[in-house]
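Here is the structure we will look at, set down as structure tokens.
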Amino acid sequence: MKPIALVTGATSGIGEATAHELAPKYNLIICGRRKERLEKLANTLAKSTDCHLLNFDISIQQQVDQAIDSLPESWKNIDVLINNAGNAHGLSAIHEGDIRDWEAMIDINVKGLLYISRAILPGMVDRKKGHIVNIGSVAGVEAYKNGNVYNASKFAVDAISKGMRLDLTEHGIKVSEIKPGLVQTEFSEVRFKGDTERAEKVYQGFDPLQAKDIAEIIAFIVSRPANVNIADLLVLAGDQSNATTVYRK
């Protein structure tokens, strides 16, 4: 029987690409808020693996707990958790920020990651095996102008990942963090609240990372033998030097 991987934020971008990448070797629990997209993805994945979908809002603890508790017994022993769900809202100076944007980023990027991890980790600890992959960001390595709260949320993911590793290594659980740079997904469209013209400019003039690039790295990380843990990985586009420096042709 295939091991089981749970992927949050599976309805688009890195999460969706990761589900496709893991399907040949894992049975998949795909999670997200957009039910129609989950159902479409589940139908596609059914050609290559068994798939169970969970439709819930990761920022609401009660929904997270209810979703995990609802899993049939045959799906409860989760081997790999991909903490991918996250978002960015706005790009404003700290004194002009929208508090609703701040709350959305903290609730999903930080609290959501904690809620789902807390629901799944006790089972991994009991079985003395498991692998957590947290999707951080180059924004959690260095702050940039107007990034403020988004930066803070991704610095938190980095700190949580380090803390997880300290707490869980003795229980046979690996913790990995991937910190992507500019990946061409719906990320910028969400950040700029549907302003597609502004979002498209983020990726113009250079060759950005694609969701599949990160998905392939995730698949490689979780395929390593027990004596290997790729703990911390920064991934930039070939034309990107750091969080804010991009060579645009």
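The values are calculated or read from the model by the stated rules, or taken from the named source; none is laboratory data. Computed from a prediction, not measured in an experiment: that's the story for all the values here. As a convention, Cβ positions derive from the backbone with ideal geometry for all residues, glycine included, and neighbour counts pool all protein chains shown.
Quick notes on this one:
- Scanning the stretch 175-200 for residues that are basic (Lys, Arg) and surrounded by fewer than 18 Cβ atoms within 10 Å (Cβ to Cβ), we see that the one that is nearest to residue 118 (Cα to Cα) is 193.
- Condition met for residue 94 (touching a residue at least 24 places away in the same chain (Cβ under 8 Å), among the hydrophobic types (A, V, I, L, M, F, W, C) and surrounded by fewer than 17 Cβ atoms within 10 Å (Cβ to Cβ)): yes
- In the stretch 223-249, the residue that is farthest from residue 171 (Cα to Cα) out of those that are in contact with a helix residue (DSSP H, G or I) (Cβ under 8 Å, 6 or more places away or on another chain) and among the small types (Gly, Ala, Ser) is 243.
- Listed by first and then second residue, the pairs linking a residue in the stretch 223-249 that is farther than 23 Å from residue 158 by Cβ to a residue that is of a type in the set (Ser, Thr, Tyr), with Cβ atoms under 9 Å apart and 6 or more places separating them unless they lie on different chains, are 238/247; 239/247; 247/241.
- Test: residue in the stretch 50-65 that is of a type in the set (Ser, Thr, Tyr) and buried (at least 20 other Cβ atoms within 10 Å of the Cβ): yes
- Residue pairs meeting the criteria (Cβ under 8 Å; at least 6 apart or on separate chains; first in contact (Cβ under 8 Å) with a residue 12 or more places away in the chain and under 18 Å from residue 19 (Cβ atoms), in the stretch 53-71; second aromatic (Phe, Trp, Tyr) and part of a helix (DSSP H, G or I)): 58/115
- Scanning the stretch 192-230 for residues that are of a type in the set (Val, Ile, Thr) and at pLDDT 95 or above turns up 214, 217, 218, 221, 222, 228, 230.
- Positions within the stretch 20-34 being closer than 18 Å to residue 187 by Cα and crowded, with 24+ Cβ neighbours inside 10 Å, in sequence order: 31, 32
- Residue that is modelled with the lowest pLDDT, among those in the stretch 72-97 that are assigned to a loop (DSSP other than H, G, I, E, B) and in contact with a strand residue (DSSP E or B) (Cβ under 7 Å, 6 or more places away or on another chain): 86
- So residue 156, is it of a type in the set (A, V, I, L, M) and surrounded by fewer than 18 Cβ atoms within 10 Å (Cβ to Cβ): no
- Of the residues making up the stretch 40-69, those that are in a loop (DSSP other than H, G, I, E, B), under 21 Å from residue 3 (Cβ atoms) and not hydroxyl-bearing (Ser, Thr, Tyr) number 3.
- Within the stretch 146-174, restricting attention to residues that are of a type in the set (Gly, Ala, Ser) and assigned to a helix (DSSP H, G or I), the residue that is farthest from residue 118 (Cα to Cα) is 152.
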